[in-house]
Amino acid sequence: MKYMQSVLLAAAAAAACLAAAMPAKAASNTDPDWPCIQRKVPELSLGQFWTGEELPESARGWSSDGDMTALVRELSARRLPLEDAQREIRDYAADISPDQLHDRMLTLVQGLFDHMNMERSQIISGIGRYARKQVELATALRKESAELDALHAKGDVEEAQLTRITDHLAFQTRIFEERVQSLTFVCEVPTLIEQRLYQLTKTISEVLAQKE
């Protein structure tokens, strides 16, 4: 009986957790589905990361260059330590002929911004879907908890049935709590992308300044 009571209390607390947090977090955002403390900014602006000269129109064609596309993807990947990515930018610049360096570096800026901005937007959309599923799961947990409570009140339900429902509720509650913990990490990813993009474009700016 104590086990069932503890499960009921845990389920009620877990089910209320996200529902209680969402309105407070959403207060600073226009999207009520946004569950993160960090403010939701769906799209980035190039001016947030690049203060150098205006990028040429030709830089927008970076994705049609196979070598440039491969470099952008490699530098953007968070599995590659930032220091290694910065070193790759410098090595890449060292291998480019002086007459091509300027245009190639500006094209790299455009590629990194486009690619990482798109990746970040996809993650933000995924966070919204994740949060909606959490709300649905919280609602289901509250409902199942109420049903189990009602069965206890009846007093004539088989112990095996109560145990089966209680075990299922405990399992679903554990999943919910694990997803709440995971959401805390996922919410940080857009910021991590922004920080990486800033450092990469800063490195490119430094490379160009050294070549002047």
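Which residues, counting only those in segment 180-212, are closer than 28 Å to Gln134 by Cα, touching a residue at least 12 places away in the same chain (Cβ under 8 Å) and of a type in the set (Val, Ile, Thr)?
Within segment 180-212, Val180, Val186, Val189, Thr191, Ile193 meet the criteria.
So which residues in segment 49-71 are under 30 Å from Arg129 (Cα atoms) and either out of contact with any Asp or Glu (no Cβ under 8 Å at 6 or more places or on another chain) or in a loop (DSSP other than H, G, I, E, B) (or both)?
Phe49, Thr69, Ala70
Do you know which residues across segment 147-173 are surrounded by 14 or more Cβ atoms within 10 Å (Cβ to Cβ) and free of Cβ contacts under 8 Å to residues at least 24 places away in the same chain?
Leu151, Val157, Ile165
Starting from residues that are modelled with pLDDT under 90, of a type in the set (Asp, Glu) and not in a helix (DSSP H, G or I), keep the ones in segment 153-212 and report whichever is farthest from Asn117 (Cα to Cα).
For segment 153-212, the residue satisfying everything is Asp156.
Being modelled with pLDDT under 85, under 30 Å from Phe49 (Cα atoms) and either touching a Lys or Arg at 6+ places or on another chain (Cβ under 8 Å) or part of a helix (DSSP H, G or I) (or both), is that true of even one residue in segment 122-129?
So far as segment 122-129 goes, no, none of its residues is modelled with pLDDT under 85, under 30 Å from Phe49 (Cα atoms) and either touching a Lys or Arg at 6+ places or on another chain (Cβ under 8 Å) or part of a helix (DSSP H, G or I) (or both).
The values are calculated or read from the model by the stated rules, or taken from the named source; none is laboratory data. Here the structure is a predicted model, which means the values were calculated and not measured. As a convention, Cβ positions derive from the backbone with ideal geometry for all residues, glycine included, and neighbour counts pool all protein chains shown.
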